[in-house]
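One structure below.
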Amino acid sequence: PQALTPSRLPPHMTAAPGGPIRRHRVLSCLIGVLVLAVLVPVIVLGVLDHRSGDVALRMPTGDGPSTWLILGLDDRTQQAEGNDIGDQDGHRDAAANADVILVATRTEDQWHLTSVRRDVHYSIGMGLSGRLGLAWRDDPQTLVDQTCLTLNIPADHVVAVTLRAFVDLVDALGGIDITVQHDMRDERAALDITAGPHHVDGRTALAYVRSRQGRVLIDGAWVDDPEGQDGRARRAGEVFGAVVARLRSRPGDWFGAAWRTAPDIRLDTRTHLWELALLAGASGADVQELPLTQSPDGFYSEVDERTRSYTEGIGYTRTC
């Protein structure tokens, strides 16, 4: 058959600029770009998802709003060589404790952030008991179960982040903004910061959250931090909100931050790394500390009627 030269093209085809052939090629290119625009993020997210670790957990079936259980793990086995993050207890445990416990609750119209003390006391029967923050070290399932059974908070998602991941995340975002109420020092946490607004790096943010033996400057005198555990819980919530706010304001940094920290993040097997973007809505939420009663010896905290009233107020109306 003869080749279709421009003079022999069928009436419905033309080589003239702007004709059907050119439009067909442009349309094909646009479709190709659209496909790539869809596939590349999916592939990238899939790769990121495989960089994070999974932890097999049986999630509770109790009623309640959508709930994220966010844990900061004091995991010395994950600490990079030469990157001493600081240990105010003067030791290095081989296992991970939940040093920070934060609950993000999403109801129909708003988010609630609740900071939970790690020394919450729970009972498992036959005279046996434990402290919530230490439960992860023994069995992650125990921490999830007791958050539900003891606090009446059933989790839908679990995110566990090591200290190194926290430092790397803040640094990958170029630091975060915090506001310090009083000049504060804590030698064991390597913290020395003045009152007022600060833009801090990952190490400083971590020290600010973890300080539990700090001293503050009040009326010209250095005194033990009067907030105690309450202040620690409050600062944890403040820093979480600052990180989420930074992510929202710098969406271009999300991939780099996720790639850098994913190996030190563990998720329950039903949760994917890309779902963490859902937490962006919590950045503007006020952080509340879960009301608890301190034991007479100050060694642990216990659930009381105020605890139940608080959890019911944010939607947890039925026990696990």
- Considering only residues of region 285-311 that are open to solvent by 50 Å² or more (accessible area, probe 1.4 Å) and assigned to a loop (DSSP other than H, G, I, E, B), which is nearest to GLY133 (Cα to Cα)? TYR300
- Of all residues making up region 296-311, the number that are more than 18 Å from PRO154 (Cα to Cα) and hydroxyl-bearing (Ser, Thr, Tyr): 2
- Message: Take the conditions farther than 25 Å from LEU69 by Cβ, of a type in the set (A, V, I, L, M, F, W, C) and either in contact with a strand residue (DSSP E or B) (Cβ under 7 Å, 6 or more places away or on another chain) or open to solvent by 10 Å² or more (accessible area, probe 1.4 Å) (or both) and apply them to VAL161. Does it pass?
- Response: no
- Note on the structure: All-but-one check, ARG306 against (1) modelled with pLDDT of 80 or more; (2) touching a helix residue (DSSP H, G or I) at 6+ places or on another chain (Cβ under 9 Å), failing number (2)
- Message: For region 162-171, check the following and say yes or no: at least one residue is at negative phi and among the small types (Gly, Ala, Ser).
- Response: yes
- Task: Can you confirm whether region 172-190 contains a residue that is touching a Ser or Thr at 6+ places or on another chain (Cβ under 7 Å), under 22 Å from LEU113 (Cα atoms) and surrounded by 21 or more Cβ atoms within 10 Å (Cβ to Cβ)?
- Result: no
- Message: For the condition open to solvent by 70 Å² or more (accessible area, probe 1.4 Å), more than 26 Å from LEU149 (Cβ to Cβ) and either outside any strand (DSSP E or B) or in contact (Cβ under 8 Å) with a residue 12 or more places away in the chain (or both), what is the one hit in ARG270, ARG260?
- Response: ARG260
- From the residues in region 211-235 that are among the acidic types (Asp, Glu) and closer than 22 Å to GLU302 by Cα, which one is modelled with the highest pLDDT? ASP225
- Item | Subset of region 124-169 that is of a type in the set (S, T, N, Q) and farther than 23 Å from VAL244 by Cα - its residue that is farthest from the chain's Cα centre (by Cα) | SER129
- Task: Hey, can you tell me all the residues within region 209-254 that are touching a helix residue (DSSP H, G or I) at 6+ places or on another chain (Cβ under 7 Å) and assigned to a helix (DSSP H, G or I)?
- Result: VAL209, ARG235, ALA236, VAL239, VAL243, VAL244, LEU247, ARG248, ASP253, TRP254
- Message: Can you confirm whether GLU275 is within 27 Å of MET59 (Cα to Cα), in contact (Cβ under 8 Å) with a residue 24 or more places away in the chain, acidic (Asp, Glu) and open to solvent by 50 Å² or more (accessible area, probe 1.4 Å)?
- Response: no
- Task: Kindly check whether there is at least one residue in region 248-256 that is touching a residue at least 24 places away in the same chain (Cβ under 8 Å), buried (at least 19 other Cβ atoms within 10 Å of the Cβ) and among the small types (Gly, Ala, Ser).
- Result: no
- Task: Among the residues of region 201-226, count how many are open to solvent by 10 Å² or more (accessible area, probe 1.4 Å) and more than 20 Å from LEU102 (Cα to Cα).
- Result: 13
- So, of the residues in region 124-135 that are at pLDDT 90 or above and of a type outside the set (Lys, Arg), which turns out to be surrounded by the fewest Cβ atoms within 10 Å (Cβ to Cβ)? LEU134
- Task: Can you confirm whether region 177-194 contains a residue that is part of a loop (DSSP other than H, G, I, E, B), free of Cβ contacts under 8 Å to residues at least 40 places away in the same chain and under 20 Å from GLY284 (Cα atoms)?
- Result: yes
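The values are calculated or read from the model by the stated rules, or taken from the named source; none is laboratory data. Every value quoted in this text rests on a predicted model; they were computed, and no experiment measured them. So basically every Cβ, Gly included, is an ideal-geometry build from the backbone, and we count neighbours across all protein chains shown. Heavy atoms of the whole protein, side chains included, go into the accessibility calculation; ligands, DNA and RNA do not. Shrake-Rupley method; radii C 1.70, N 1.55, O 1.52, S 1.80 Å.
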